[in-house]
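Some notes on the structure that comes next.
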Amino acid sequence: MHLAYPAVLSALLFCTGLYGVLARRNAILVLMSVELMLNAVNLNLVAFDVWLSRTAEETLHSGQALTLFTIAIAAAEIGIGLAIVLAVHRNRGTADIDKLRDSAERHGPDGDHDGTDHDALTAEQSDEAEKAEATA
Amino acid sequence: MTTTTLAVLVPLLPFLGGAAGLLLGRTASGFVRPLAVLPTLTSLVLAALVAVRQGGGQAIDSATELTPTGSVPIELALHIDGFAALVAVLVGLVASCVQIYSTGYLRDDPRYPSYAALVSLFTSAMFLVVYSGDLIVLLVGWEVMGICSYFLVGHYWETPEARAASLKAFLVTKLGDVPFLIGLFALATDAGSFRITKVLGTVASGGLDHPTLIALLLLAGVAGKSAQFPLHTWLPDAMAGPTPVSALIHAATMVAAGVYFIARLLPVFEASQAAMVLLAVMAAVTMVGSGLAALAQDDIKRVLAYSTIGQLGYMTGALAVGDRGAAVFHLLSHGAFKALLFLAAGVIIHAAGTNSLAAMSRMRNLRDRVPDAYWTMTVALLALAAIPPFSGFFSKEAVLGVAEHVVTGHTEHAPAASGWIVLVAGLVTAVLTAAYAMRLWLLAFRGRGAEAPDHGRQPLTMTVVLWVLAVPSLALGGFVFRLLPDWFDVRDLAPTLTTSVLGTGLALAGGIVTYGAWRHTTALAARVPLGAVAAHPEGDAAQVEAEAIATHEPAYGDIAYAPDPADPGRLLLGPLHRPAAAGFHLDAVYTVLFVRPVQAGASLVRFLDREVVETYVRGAGALPRWLGAAVRRAQTGNVQTYVSALLAGTVVLAVAAVLVATGA
Amino acid sequence: MSLAAATHGFLSPTGVEIAFLLVGLVTFGAAIVTVTTRQLVHAALWLVVTLGGLAVEYLLLTAEFIAWVQVLIYVGSVVVLLLFGLMLTRAPIGRSPDADSGNRWAALTVAVAAAAALVWVVVDAFRATWIDLDGPAAGSTEATGASLFQNWVLPFEALSVLLLAALVGAIVLSRKAKAEAATASGSTPSGSTPAGSTPVTRSEKEGTR
């Protein structure tokens, strides 16, 4: 079998997962897309391991071992990730990634003048308070 | 001690006295008066000693170079000839009198320490100008005098008149000093040295390339310093300063510095016929114009100020006909009697509580209140009017004699045109001088009306110096006009018969006409009540004078003018009276010529700064702000956007790396 | 084995290649649907198809142990977990019009560019590389086990520590949420129980493996 087949499939799957990570709104869908990307890598690892174990007489089977590790780590990642998403959902009432904008620049687009600086500061402070409440 | 050492000490002592006065003035007030008076007195003694040792013989020259100063060396140089020695004695005499007088005049003034220190500093600078043999060192003294004059005119800075006058004095003299400085550089470039002896040597050998240009440039500075037309306008306003300052700076010494400077460098001016004629015209206009203006002034000190301008005009006239002996002779005698006039006027202002002649003419028996001032002022006014045998007669006749000498063609130094101009203007001014001297005397001492206020006896320090100065006013001319030619190595200064008869006759005529006019108008005085006196007549003289100056404009409507029908000057001048009182509106001309354009330029600059430059500054600020806003807009907080940008960059980098690696 | 790689052209595919290609197409299509569908639960189900297809691909590559682990862990537990997550976050059943964020066009651009670059590089690099699938299976359970416990014992044990840490972390996150829910006077009381089930499920899975 040509190595190009699994390699190209892996590349396409990876980019599909990439699109999902960047385009999906729901955090759980983003986690699914991450799984896709991980699986694409796994496919690559397996294909190259099979190829190398024949052509280079390589017996470590490092590709397959790493695939197993990746699967285990992906499982752990999905567990932690889901726990985080659930915590966020519980605190914020949403799991939509583009609504979690605490790191956004808060000032108006035309720049802050001296008069509005104080308001911006207080708004920031109230944000800080919100965040502290959320992480508590 | 050698004569050179003595001469060095003469400017140094008042300088040290002034510096010590400035330092100790606040802490050790007991030392202030000795520190003010003693160095100046010592300088007078030393200057007299120097004069005796020099004795009109060979000029003393001494120079030391402190440091190399480039292609044209600047040296600390002394050049003491007869002129320098005698003028220094005059400066020392007047400065000592003024310092002694000031101790009484500013008895209770809280700013006396700084005042006395500045007078000392001024005296030192004047000595420097007189003795200096190097033009740059002379310039240092010249400018120090200017700044001291600024501070001293503004002594009563609480009054707006004094503030305006000090600024005006400074700016107008600076207007002349800038061309003066350029002229000095041009002169030194042509002569290759700042040393006066070398400059004169160059001139004598005809090595001066641009005599007319240099002479005209220097003339501008002289006109500013010596208050010659058209830069004389600061001097009448400078009367807002204390009277002793007027006596020292604006009568006897600083304004004489310009005349003295031309006297020193007369060959430079003689090298240019145009400059000599211009000098003559300047002197003539100054003489006649100031005589007319003096006849119309109401403030007694402004009368004297215009009189000073006119007498300085005589001196420049003498220089314009190429005779520095006569000029310096008149400088000496004028210094003595004009200082006396001012100091006596200070006593009168104190006694009368006003500086207005109109108010004084309504006071009876003012002369009995201040007998010392009355007698000494009479002497000084006779000297001013050039009545024989007072000193002013001899010096003025010397000037007129020289002019007549030139007119009759007995000299090759000066063009005959200058002689005619100076002679005619001098004779006209003789009439005017006698007229305004007579008017001053009549209005001040022959007033009718209420009894003059009694403020007790004047301080001894103020009256004694009047008599000290009265001696040279009375006798200087008659005794020394035969001696001076030895000192000045010029021709005879004895009065010639023609000019003496002519001048004295005209002066008597002017006086008699004024007396007649006064007899005619004085009856009106009782009908029109006028006058305002100082609010604190019991205060010291300086306070009374400051109040008198401050109240003159509110009381009479003008700083220089009083609507007094009893004034003989009004009758004599007729329609000219009002413009003459205002100094022929030269200030208005200056306003149009200089002040308005400068103000317009300032508002233009302000507009450029506010609207044009500021726009660029604001733009420079706005551009980064807009960029910052744009960059901030990217900070959406959406993690996916960030990751998209990150990965897009990664892809680009990876593709670039692959392309480079494969050599595509 | 003796055949040179150059003799295997893309235009004369072997049977395995045809099977791989077909399954790959299904896998790729299912993946596309997973990231584009508007129905969230459908996305999870299409993910099952994708992961299953990948398991088949592993089998075709003779990596049978990986294939079964894939089926067990991914299809069996991860997708179930994801479905639980969807339910717990009250994901709407049916079409949700806002499943994609406003970032989708940028995402599409980046993804297509990345795919083009990767495919180009990969094809350029490996178009003549041939995998010989004959002979003993490279990924049989025996071969994999031998390799794992001969050469990869230490990482394997380290991995168990990692899993333990993940377990503890998930519990801590859930407990914090529970404590906060209690102080917030039971605003979202239903969230605590399923969140607690997450580590339990995974620890079972660890035991399975």
- For B:THR2 and B:SER71, compute 0.36 nm times the residue count separating them, minus their Cα-Cα distance, and round to one decimal in nm. 21.7 nm
- Query: How far is it, in nm, from the label point at C:ARG90 to the one at B:THR378 when both lie 7 Å from their Cα along the line to the Cβ?
  - Reply: 12.0
- For a label point 7 Å from the Cα of C:THR109 along Cα→C-beta, name the residues of segment B:646-664 whose backbone N is under 13 Å from it. B:646-649, B:652
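Evaluate Rg over Rh across segment B:216-292, taking Cα atoms for both radii and Kirkwood's formula for Rh.
Result: Rg/Rh = 1.00.
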- Taking one equal scatterer on every alpha-carbon of segment A:4-97, how large is log10 of I(q)/I(0) by Debye at q = 0.12, 0.25 1/Å? -0.47, -1.17
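At most 13 other C-beta atoms within 10 Å and a DSSP loop state: those are the exposed GluC sites (Glu not before Pro) I care about. Give me the longest piece of chain B that has none.
Numbers: sites that count: B:GLU65, B:GLU158, B:GLU412, B:GLU538.
Between exposed loop sites, the widest span is B:159-411.
For B:GLU553 and B:THR212, what does the FRET efficiency come to when R0 = 51 Å and r is the distance between their Cβ atoms, rounded to the nearest 0.05?
Details: r = 43 Å, r/R0 = 0.85.
My answer for the efficiency is 0.75.
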- Query: Relative to the longest principal Cα axis of chain B, at what angle does helix B:160-191 sit, 0 to 90 degrees, rounded to 10?
  - Reply: 80
- Item | Share of pairwise Cα separations in segment B:110-268, more than 29 Å, in percent | 20
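Roughly what percent of Cα-Cα pairs across segment C:2-140 reach past 17 Å? Can you show the working numbers first?
On the way: 6873 of 9591 pairs.
Result for the distance tail: 72 percent.
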- Query: Could you work out Rg/(2.2 N^0.38 Å) for segment B:545-608, with Rg from alpha carbons only?
  - Reply: 1.60
- Taking the highest mean first, how do the peptides B:421-431, C:63-73 order by number of other beta carbon atoms within 10 angstrom per residue? B:421-431, C:63-73
- Query: For the protein assembly as shown, which semi-axes, largest first and in whole Å, follow from the square roots of 5 times the eigenvalues of its Cα gyration tensor?
  - Reply: 114, 34, 25
- Item | For segment B:593-619 versus segment A:69-99, the gap between their alpha-carbon centres in whole angstrom | 66
- In nm, what is the difference between 0.36 nm times the number of residues separating B:TRP467 and B:THR496 and their Cα-Cα distance? 7.4 nm
- Just the C-alpha atoms of segment C:15-95: what Rg/Rh do they give, with Rh taken as the Kirkwood radius? 1.05
- Can you give the Rg to Rh ratio for segment B:240-389, taking only C-alpha atoms and Rh from Kirkwood? 1.03
- Using Cα atoms only, what is the angle between the long axis of helix B:32-54 and the major principal axis of chain B, expressed in degrees (0 to 90) to the nearest 10? 70
- Mean projected area in nm² (Cα convex hull; one quarter of hull surface) for chain B: 43.5
- Query: Using a basic spin-label model with each label point 7 Å from the Cα along Cα→Cβ, how many nm lie between C:GLN39 and B:VAL52?
  - Reply: 13.3
- Message: Let me test this: with uniform point scatterers at the alpha carbons of segment B:272-572, what is the Debye-based log₁₀ I(q)/I(0) at q = 0.07, 0.10, 0.17 1/Å?
- Response: -0.27, -0.53, -1.27
- Task: Mind pulling the angle between the C-alpha long axis of helix B:596-607 and the longest principal axis of chain B? Nearest 10 degrees, somewhere in 0 to 90.
- Result: 20
- Taking every alpha carbon pair in segment B:14-90 and sorting the distances into 10 angstrom bins from 0 up to the bin holding the longest one, the percent per bin comes out as 18, 29, 30, 21, 3
- Query: segment A:1-59: which GluC sites (Glu not before Pro) are DSSP loop and have at most 11 other beta-carbon atoms within 10 angstrom?
  - Reply: A:GLU57
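May I ask you to list the trypsin sites (Lys or Arg not before Pro) in segment B:111-212 that are in a DSSP loop and have at most 16 other Cβ atoms within 10 Å of their Cβ?
Values: sites: B:ARG111, B:ARG163, B:LYS168, B:LYS174, B:ARG195, B:LYS198; in loops: B:ARG111.
When the trypsin sites (Lys or Arg not before Pro) of segment B:111-212 are filtered for loop state and at most 16 Cβ neighbours within 10 Å, B:ARG111 remain.
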- segment B:177-324: radius of gyration and largest Cα-Cα distance (Dmax), Å: 15.8, 51
- Item | Under Karplus coefficients 6.51, -1.76 and 1.60, residue-wise ³J(HN,Hα) of segment B:69-82 in Hz, glycine/proline x | 10, x, 5, 9, x, 10, 10, 7, 10, 10, 9, 10, 10, x
- Report the calculated FRET efficiency for B:LEU653 and C:TRP68 (r = Cβ-Cβ distance, R0 = 25 Å), to the nearest 0.05. 0.05
- Message: 7 Å from Cα along Cα→Cβ at both B:ASP108 and B:LEU608: what's the point-to-point distance in nm?
- Response: 5.3
- If you average 1/r over all unlike Cα pairs in segment B:598-664 and invert the result, what Kirkwood radius do you get in angstrom? 16.5
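Calculated from DSSP H runs of 4 or more alone, at -39500 (n - 2.57) each and per residue, what is the 222 nm mean residue ellipticity of the protein assembly as shown, nearest 500? Kindly include the intermediate steps, with their values, before the conclusion.
Working: 42 runs with 719 residues, N = 1009.
So the helix-based figure for the protein assembly as shown works out to -24000 deg cm²/dmol.
Values quoted throughout were computed directly from the atomic coordinates according to the rules given, and no laboratory measurement underlies them. If you're wondering where the values come from, they're calculated on a predicted model, not measured in any experiment. Virtual Cβ from ideal backbone geometry, glycine too; neighbours counted across all protein chains shown.
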